[in-house]
Amino acid sequence: MSITILYFAGLREALGVERELVDMPSGVNDVASLRSWLLARGAAWQPLSAPRIRAAVNQSLASDASVVADGDEVAFFPPVTGG
Amino acid sequence: MSVETNIAIQHEDFDVGIEVDALSGTGVAGAVATFVGFVRGGADDVLAMTLEHYPGMTERTLRDIVGLAQARWFLLGVRVIHRVGRLLPGERIVFVGVAGRHRGEAFAACQFIMDYLKTQAPFWKKEETANGARWVDARDSDEAALKQWQT
C-alpha cells in the first residue's frame, strides 16, 4: 500500500524532506499509526511528534483517527499563518 | 441568482480598484466590503517575508470557506486573492472582497472569510530579519476570532 507524504514549512526544513512515496506496512491505516511508524524511523523524525503538527489527508484537514488508504496524499505541517 | 466567486493564489500584485469594480459590476450590489492585508513594516525588524502554501489544498479550503459564508449570508460576489513568494514590508499580501445587497452582510462575510482564512487555509510565513530567518508562529488571537463564528 503506497501513499505520498508531503511536509511543509518549518517541519519540512526540520526533517529535510519535502515529499516522499512510501510503502506502508500492514497495521498502518490511519494518521496516528502513520505518524508512529514515521517516528520509529529514528531521532531525526522527532519534529513530527510535536502536538501542534497538523495533518491533512487528500487535502482535507485530518485527525489522528482519519483513515489513510492506498494512493492517498497525506500532508504534515505546522499551524497555518497566512493572511 | 448565481454568486460570482473568484479565488486566486498568485505571485503578482493585485489592483484593489479592479477587484472592487469586478464585484460591483453586476449593478445589483448595494455594498462591497474589502479587506487588504500587508506585510507589516516599521517597528518589526522584518526585512522580507516569504509565503509558502499547499497547492491544491489551499484553493479547496478557500472555496469551502466561501461556501460557508454563502450559506450564512446572501452574497452577490466574493473575490479572494492571496499572494505567495517573497514580499517586502508594505507590499499587499491578501485581498478579500464581498458584494452584497447591504453593508451588513458584506462587512460580516468579509470578516468571516478572513478569520477562517487565517486559521484554516494552508499558508505559512517565514520572516527574514537581520539576525536570520524565522517561521511565524500561529497566534491564539486568530483562533479566538474564529471561535466567535462557531458559537
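Would you check if A:Gly10 is surrounded by 14 or more Cβ atoms within 10 Å (Cβ to Cβ), outside any helix (DSSP H, G or I), within 14 Å of chain B (Cβ to nearest Cβ) and in contact with a strand residue (DSSP E or B) (Cβ under 9 Å, 6 or more places away or on another chain)?
Considered against the rule, which asks whether it is surrounded by 14 or more Cβ atoms within 10 Å (Cβ to Cβ), outside any helix (DSSP H, G or I), within 14 Å of chain B (Cβ to nearest Cβ) and in contact with a strand residue (DSSP E or B) (Cβ under 9 Å, 6 or more places away or on another chain), A:Gly10 comes out as no.
Taking the conditions exactly as written (closer than 21 Å to A:Gly82 by Cβ, touching a residue at least 60 places away in the same chain (Cβ under 8 Å) and touching a helix residue (DSSP H, G or I) at 6+ places or on another chain (Cβ under 9 Å)), does B:Thr5 satisfy them or not?
Against the criterion (closer than 21 Å to A:Gly82 by Cβ, touching a residue at least 60 places away in the same chain (Cβ under 8 Å) and touching a helix residue (DSSP H, G or I) at 6+ places or on another chain (Cβ under 9 Å)), B:Thr5 qualifies.
Considering each of B:Arg72, B:Arg86, B:Arg79 in turn, give the residue that is in contact with a Gly (Cβ under 7 Å, 6 or more places away or on another chain) and either modelled with pLDDT of 95 or more or within 14 Å of another protein chain (Cβ to nearest Cβ) (or both).
The match here is B:Arg79.
Please specify each residue of the stretch B:14-41 satisfying the condition of being outside any loop (DSSP other than H, G, I, E, B) and free of Cβ contacts under 8 Å to residues at least 40 places away in the same chain.
B:Gly17, B:Ile18, B:Asp21
With B:Val36, B:Val28, B:Val3, B:Val20 as the choices, which residue is at pLDDT below 95, surrounded by 13 or more Cβ atoms within 10 Å (Cβ to Cβ) and either aromatic (Phe, Trp, Tyr) or over 30 Å from A:Glu18 (Cα atoms) (or both)?
Going through B:Val36, B:Val28, B:Val3, B:Val20 in turn, the sole match is B:Val3.
Checking B:Arg139 against (1) within 27 Å of A:Arg54 (Cα to Cα); (2) more than 9 Å from every other protein chain (Cβ to nearest Cβ): exactly one of these is not met. Which one?
Here B:Arg139 meets the rest and fails (2).
Return yes when B:Lys126 is farther than 22 Å from A:Ser60 by Cα and either of a type in the set (Asp, Glu) or within 11 Å of chain A (Cβ to nearest Cβ) (or both) and no when it is not.
yes
Can you give me the ranges of the strands (runs of 3 or more DSSP E) entirely in the stretch B:42-147 with at least 1 residues that are surrounded by 21 or more Cβ atoms within 10 Å (Cβ to Cβ) and β-branched (Val, Ile, Thr)?
Because the criterion is at least 1 residues that are surrounded by 21 or more Cβ atoms within 10 Å (Cβ to Cβ) and β-branched (Val, Ile, Thr), the strands (runs of 3 or more DSSP E) in the stretch B:42-147 that meet it are B:75-83, B:92-100.
Only residues that are closer than 27 Å to B:Gly132 by Cβ and in contact with a helix residue (DSSP H, G or I) (Cβ under 6 Å, 6 or more places away or on another chain): list them for the stretch B:10-51, please.
Passing the criteria: none in range.
Among the numbered conditions (1) within 14 Å of chain A (Cβ to nearest Cβ); (2) β-branched (Val, Ile, Thr); (3) in contact with a Ser or Thr (Cβ under 9 Å, 6 or more places away or on another chain); (4) within 20 Å of B:Phe14 (Cα to Cα), tell me where B:Val98 comes up short.
It fails just one condition, (1).
Does B:Arg103 satisfy the criteria of being more than 27 Å from A:Ala14 (Cα to Cα), more than 14 Å from chain A (Cβ to nearest Cβ), within 17 Å of the chain's Cα centre (by Cα) and not hydrophobic (A, V, I, L, M, F, W, C)?
no
The values are calculated or read from the model by the stated rules, or taken from the named source; none is laboratory data. Bear in mind the structure is a predicted one, so any value in this text is a computation, not a measurement. Positions of Cβ are backbone-derived with ideal geometry, glycine not excepted, and every protein chain shown enters the neighbour counts.
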